[in-house]
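To keep things clear, I will list the structure first and then write my remarks on it.
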Amino acid sequence: MVELFGRSLTRRQIGERAGMLSQFAGVRLMTLGDGVERGIRMLEFRTGTGLRFTVLVDRALDIADCEYRGQSIGWHSPTGFRHPGLHEYEGENGLAWARSFSGLLVTCGLDHILGPQETPADSYNYPGKKSIKHSLHGRIGTIPARLTGYGESWNGEHCVLWAEGIVQQSAVFGEDLHLLRRIEADLGGNEIRIRDRVVNHGFRRTPHMYFYHINIGHPVLDQGSRYLAPIEDVAWAAHAGEAYRQQEIGYRVAPAPQVGFREQVWQHRLAANAAGEQPVALVNDRIGLGLMVVTRQDQLPCLYQWQNFQPGEYVLGIEPSTHHVLGDLAARERGEMIWLEHGEERPYQATFKVLDGAAEIAAAEDLITGIARQPSEDFPPPSGLFPQLEGRS
């Protein structure tokens, strides 16, 4: 049975009430036609509950818009959803990534994450290539996918809306990594499921790093919105030291937009439940709306929290990661880099759940605090502890 419009309906009953499912739900392919977005293929998902989100086929099958009953959840930056053909990966000393940065989900990797760095290229065995210059957060987010399928699939009385594709990050004398992504949402449901596999399609030992840059905007983000996570330790803060309290904005409660705000980033160490899951949420009690993100500790053991409360760029990021914020070179030095041989792969999964109303927000908070209670102070002193990431090289 499918829960729609306050009723439990069978597949037959749904068919009796509409000539096509697209009357109130489904997956539709379209192409954007103007400005910097011109030519981008986009899939629109509607679940029938008021959850609507779009998937950018030509930008790694990342999620652009996300809204629930007319209330926005996903963040739109001033850049728009820029066509990848306009992207200059190595521009601005590796920071041009920010000119294509927008949407609820921006995938980072596949062989590098975090800030621009130059790393050894010896694993590619090419004399003319001694090193590789990486830009901010890697290449994958601006590579078009090969769309392998999308639509609605019924299994008895249950219907799943889905899309699949392959994103290839490849070079001669370099990496040949493939991201195989499946996105699902249930008809009558309020959650989005991401199921990824990163595969080394090439024949050279290749480094792999990965994280989800999940960006939540207004009105879920607003003055008084609360950040909830099962935090065992605050390991690091980019603004630690004399600047830690200078803006008088901590990690737990969001302010209104702040003129002159300087971004803040933390790395938290999270506890997990018995199933190995790590739920994190941003909730707005005033409007009764939130978003909870659930990932697995064995896949994405590190979590960054990003706050950019500048007017016009107002956003909070939930960022589960394979590696510490220390970066690419540190991962190699510490023996934590993930090295993939030919045919080896890594699975990742993330679930985005809309929290509709005070009861669902309270249930999510109980779930999170039942795993671990986060620090009650707004400015917990960073410990500087980065536990060894085991079995990764």
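The values are calculated or read from the model by the stated rules, or taken from the named source; none is laboratory data. Since this is a predicted model, take the numbers as computed values, not measurements. We place every Cβ from the backbone using ideal geometry, glycine too, and count neighbours over all the protein chains shown. Side chains are part of the model used for accessible areas, which takes the heavy atoms of the whole protein and leaves out ligands, DNA and RNA. Shrake-Rupley method; radii C 1.70, N 1.55, O 1.52, S 1.80 Å.
Conditions (1) open to solvent by less than 10 Å² (accessible area, probe 1.4 Å); (2) not in a strand (DSSP E or B), marked per residue:
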{"site": "Val167", "(1), (2)": "yes, no"}
{"site": "Gly174", "(1), (2)": "yes, yes"}
{"site": "Leu177", "(1), (2)": "yes, no"}
{"site": "Ala185", "(1), (2)": "yes, no"}
{"site": "Arg197", "(1), (2)": "no, no"}
{"site": "Pro219", "(1), (2)": "no, yes"}
{"site": "Asp222", "(1), (2)": "no, yes"}
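Go through the residues of the range 78-99 one by one and say whether even a single one is aliphatic (A, V, I, L, M), within 28 Å of Asn200 (Cβ to Cβ) and in contact with a helix residue (DSSP H, G or I) (Cβ under 7 Å, 6 or more places away or on another chain). No, that holds for no residue. Meeting the requirement of 1 or more residues that are touching a Leu at 6+ places or on another chain (Cβ under 6 Å) and either farther than 22 Å from Gly109 by Cβ or of a type in the set (Lys, Arg) (or both), the strands (runs of 3 or more DSSP E) wholly within the range 39-82 are 41-46, 62-68.
Can you tell me which residue within the range 1-50, out of those that are free of Cβ contacts under 8 Å to residues at least 24 places away in the same chain and among the acidic types (Asp, Glu), is least open to solvent (accessible area, probe 1.4 Å)? Checked the range 1-50; the qualifying residue least open to solvent (accessible area, probe 1.4 Å) is Glu44.
Filter the range 138-165 down to residues that are assigned to a loop (DSSP other than H, G, I, E, B), farther than 30 Å from Met1 by Cβ and open to solvent by 20 Å² or more (accessible area, probe 1.4 Å), then give me how many there are.
Qualifying residue count for the region: 3.
Count, please, the residues in the range 199-208 that happen to be under 24 Å from the mean Cα position of the chain (by Cα) and open to solvent by less than 80 Å² (accessible area, probe 1.4 Å). Spell out how you get there, then give the answer.
In the first step, residues of the range 199-208 are kept if they are under 24 Å from the mean Cα position of the chain (by Cα); the result is 199-201, 206-208.
Among the residues that remain, those that are also open to solvent by less than 80 Å² (accessible area, probe 1.4 Å) are: 199-200, 206-208.
Number of matching residues: 5.
Assessment of the range 243-259 against the conditions (surrounded by fewer than 19 Cβ atoms within 10 Å (Cβ to Cβ) and modelled with pLDDT under 95) yields at least one matching residue.
Residues that are in contact with a Pro (Cβ under 8 Å, 6 or more places away or on another chain), open to solvent by 60 Å² or more (accessible area, probe 1.4 Å) and at pLDDT below 95 within the range 70-117 comprise just one, Asn93. Cβ separations smaller than 9 Å between residues 6+ apart or across chains give the following pairs from the range 165-194 residues that are farther than 30 Å from Thr47 by Cβ and aliphatic (A, V, I, L, M) to residues that are at pLDDT 95 or above and open to solvent by 20 Å² or more (accessible area, probe 1.4 Å): Leu177/Gln168; Leu177/Ser170; Leu177/Val199; Leu177/His201. Exactly one residue among Arg334, Arg346 is more than 24 Å from Trp266 (Cβ to Cβ) and surrounded by fewer than 20 Cβ atoms within 10 Å (Cβ to Cβ), and that residue is Arg346.
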